[in-house]
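Data block below; observations after.
The values are calculated or read from the model by the stated rules, or taken from the named source; none is laboratory data. Remember, it's a predicted structure, so these values are computed and weren't measured experimentally. Using ideal geometry, Cβ is built from the backbone for each residue, glycine included, and neighbour counts are taken over all protein chains shown. Ligands, DNA and RNA are stripped out before the accessible areas are found, and what is left, the full protein with its side chains, is counted by its heavy atoms. Shrake-Rupley method; radii C 1.70, N 1.55, O 1.52, S 1.80 Å.
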Amino acid sequence: MVLAINNLLQGVQHVGITVNDMAKSLEFYTEVLGGKLVVSESDLVGDIIQNTLFQKEELEAIASGTDPETLDIPHLRSGKQDALDVKFISFGNTVVELLQIKEAGNQDLPHSSVRTLPSHIGGVNAMHISFNVKEGIDLNLFAKMLEQECQKRGMTNVVCNRVIRVKSEVERRSVALRYNSFKFWNEPESLAAGEPEIDWSNDPMEGWSLFYCKGPSGEQLEFNQVTGKVKTRFQNAIQEYNQANETSFSFSETKVTDVLGNGLVSQT
């Protein structure tokens with residue numbers, strides 16, 4: 001029996017983000033978002049790690065007659081220029097890997113030694129990570145809470161987009177709470193405010209909601225909820241994947257049933 005590639009896999013293990021400030025990013029993904037640190041590795045240098053991560057780029061440079069040392073990529077080979085730190089953070093159903101390229105031998109320099117790329121999704125190869133917010137919590141309120149918590153921690157890059165057009169940061173901060181997220185259903189407060197009712201009955205994404213924001217290093221993040229019709233589609237897809245690959249993944253059914261005044265929640 002010849003196994004197909006897809007039969008040898010068991011889901012997505014992790015998503016990686018190259019960050020600017022490892023300490024601040026670790027604080028964000030563990031203390032703010034609640035992930036658990038799994039394992040860390042520091043000062044990775046040498047031929048093996050350079051070849052593993054950047055061989056294709058170096059071979060393309062050689063083929064074009066360019067000295068690989070002049071490429072705009074990290075130089076981990078000698079251990080004298082750059083070094084790599086990594087941390088894996090578990091969120092239960094998947095893992096986020098934080099990577100920082102730093103100046104080799106300089107433990108006191110908190111920031112990355114490589115440039116920052118645009119993080120929006122409007123370019124080929126652009127990626128983002130989406131975190132699933134428990135069903136029952138108002139995503140508009142969650143966006144407000146997230147920004148407030150990060151501002152208190154000095155994470156000024158953590159800014160959430162609004163769903164209406166604004167012309168200044170002051171205006172963005174002052175819009176009504178209902179504009180914090182895009183919901184694929186009709187919210188009572190939106191209808192009460194005179195906004196037109198939309199017929200979502202035939203939309204396959206009915207029940208989906210989301211907002212986009214930046215992380216501490218400017219990485220593109222999404223926070224979403226999966227309810228209603230689209231939730232059933234995801235549940236069915238998980239069952240199909242399990243049957244095809246002999247896995248046992250499940251769709252989280254945790255729901256927030258009450259938001260208390262002290263900020264705690266009771267769950268089912």
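If you split all Cα-Cα distances of segment 140-199 into 10 Å bins from zero, what percentages do you get per bin, shortest first?
20, 48, 25, 7, 0
Between segment 1-78 and segment 125-143, how far is it from one alpha carbon centroid to the other, in angstrom?
Their Cα centres are 25 Å away from one another.
Can you tell me how much longer the chain between ASN6 and LYS134 gets when fully stretched, taken as 0.36 nm per residue apart minus their C-alpha distance, in nm with one decimal? Kindly include the intermediate steps, with their values, before the conclusion.
Details: separation 128, 0.36 × 128 = 46.08 nm, distance 2.97 nm.
Between ASN6 and LYS134, full extension yields an extra 43.1 nm.
How much of the DSSP beta bridge set in the chain is antiparallel, as a percent to the nearest 5? Present the calculation step by step, with values, prior to reporting the outcome.
Numbers: 29 of 39 bridges.
If we restrict to bridges inside the chain, about 75 percent are antiparallel.
What are the semi-axes of the equivalent ellipsoid of segment 66-192, taken as the square roots of 5 times the eigenvalues of the Cα gyration tensor, listed largest first and rounded to whole Å? Mind dumping the intermediate values first?
Numbers: eigenvalues 289, 59, 49 Å².
Values for segment 66-192, descending: 38, 17, 16 Å.
Pull up all non-local amide H partners of THR18: gap of 5 or more, or a different chain, and H-to-H distance under 5 Å with H placed in the peptide plane.
The answer is LEU99.
Report ³J(HN,Hα) in whole Hz for each residue of segment 186-196, in order, from the Karplus equation J = 6.51 cos²θ - 1.76 cosθ + 1.60 where θ = phi - 60°; Gly and Pro get x.
8, 7, x, 5, 6, 5, 5, 7, x, 6, x
State in Å² the accessible area per residue of the chain; use a 1.4 Å probe, count heavy atoms of protein chains only, and round to the nearest integer.
Numbers: 16370 Å² over 268 residues.
Normalised by residue count, the accessible surface of the chain is 61 Å².
In the chain, what cysteines have no partner Cβ closer than 4.7 Å?
Cysteines of the chain left without a disulfide-compatible partner: CYS150.
Can you give the extra length, in nm with one decimal, that the chain gains between ASN186 and ASP199 once fully stretched, where that is 0.36 nm per residue apart less the Cα-Cα distance?
Working: separation 13, 0.36 × 13 = 4.68 nm, distance 0.84 nm.
Contour length minus Cα-Cα distance gives 3.8 nm.
Could you tell me which residue out of MET155, ASN242, PRO74 lies farthest along the dipole of the chain toward its positive end? Charges go on the beta carbon: Lys and Arg +1, Asp and Glu -1, centred on the Cα centre.
Of the candidates, MET155 comes out farthest on the positive side.
For segment 124-248, what proportion of DSSP beta bridges, expressed in % and rounded to the nearest 5, is antiparallel?
Values: 10 of 14 bridges.
If I count the DSSP bridges inside segment 124-248, around 70 percent turn out antiparallel.
Which ³J(HN,Hα) values, rounded to whole Hz and listed in residue order, are derived for segment 178-183 from phi using the Karplus coefficients 6.51, -1.76 and 1.60 in 6.51 cos²θ - 1.76 cosθ + 1.60 with θ = phi - 60°, glycine and proline given as x?
Each residue of segment 178-183 in turn: 5, 8, 7, 8, 9, 10 Hz.
Using +1 at the Cβ of each Lys and Arg and -1 at the Cβ of each Asp and Glu in the chain, identify which of GLY16, MET145, GLY218 lies farthest towards the dipole's positive end.
Going by the charge dipole, the pick is MET145.
Tell me the carbon and sulfur percent of the accessible area for the chain, rounded to whole percent, probe radius 1.4 Å. Could the numbers behind the result be given before it?
Numbers: 8840 of 16370 Å².
Of the solvent-accessible surface of the chain, carbon and sulfur hold 54 percent.
Counting only residues 5 or more places away or on other chains, whose amide H sits under 5 Å from the amide H of GLU206 once H atoms are built in the peptide plane?
For GLU206, the qualifying residues are VAL230.
Based on Cβ point charges of +1 for Lys and Arg and -1 for Asp and Glu, what charge dipole magnitude is obtained for the chain about its Cα centre, in debye rounded to the nearest 20?
Working: 24 positive and 36 negative charges, 126 e Å.
It comes to approximately 600 debye.
Mind pulling the per residue volume of the convex hull built on the Cα atoms of segment 159-244? Å³ is fine.
Numbers: hull volume 10.4 nm³, N = 86.
In segment 159-244, the Cα convex hull volume per residue is 121 Å³.
If you count, for each residue, the other Cβ atoms within 10 Å and average over each peptide, how do 179-188, 238-247 line up from highest to lowest?
On the way: 179-188: 17.2, 238-247: 12.5.
Going from most to least packed, we get 179-188, 238-247.
Quick check: convex hull over the Cα atoms of the chain, volume per residue in Å³, rounded to an integer? Could the numbers behind the result be given before it?
Values: hull volume 54.4 nm³, N = 268.
Hull volume normalised by residue count: 203 Å³.
Relative to the Cα centre, what is the charge dipole magnitude of segment 37-102, using +1 at the beta carbon of each Lys and Arg, -1 at the beta carbon of each Asp and Glu, and rounding to the nearest 20 debye?
Details: 5 positive and 12 negative charges, 46 e Å.
Dipole about the Cα centre, nearest 20: 220 debye.
Could you sort the peptides 36-47, 193-204, 84-95 by per-residue average Cβ neighbour count (10 Å cutoff), highest mean leading?
Going from most to least packed, we get 84-95, 36-47, 193-204.
Based on Cβ point charges of +1 for Lys and Arg and -1 for Asp and Glu, what charge dipole magnitude is obtained for segment 133-172 about its Cα centre, in debye rounded to the nearest 20?
120 debye
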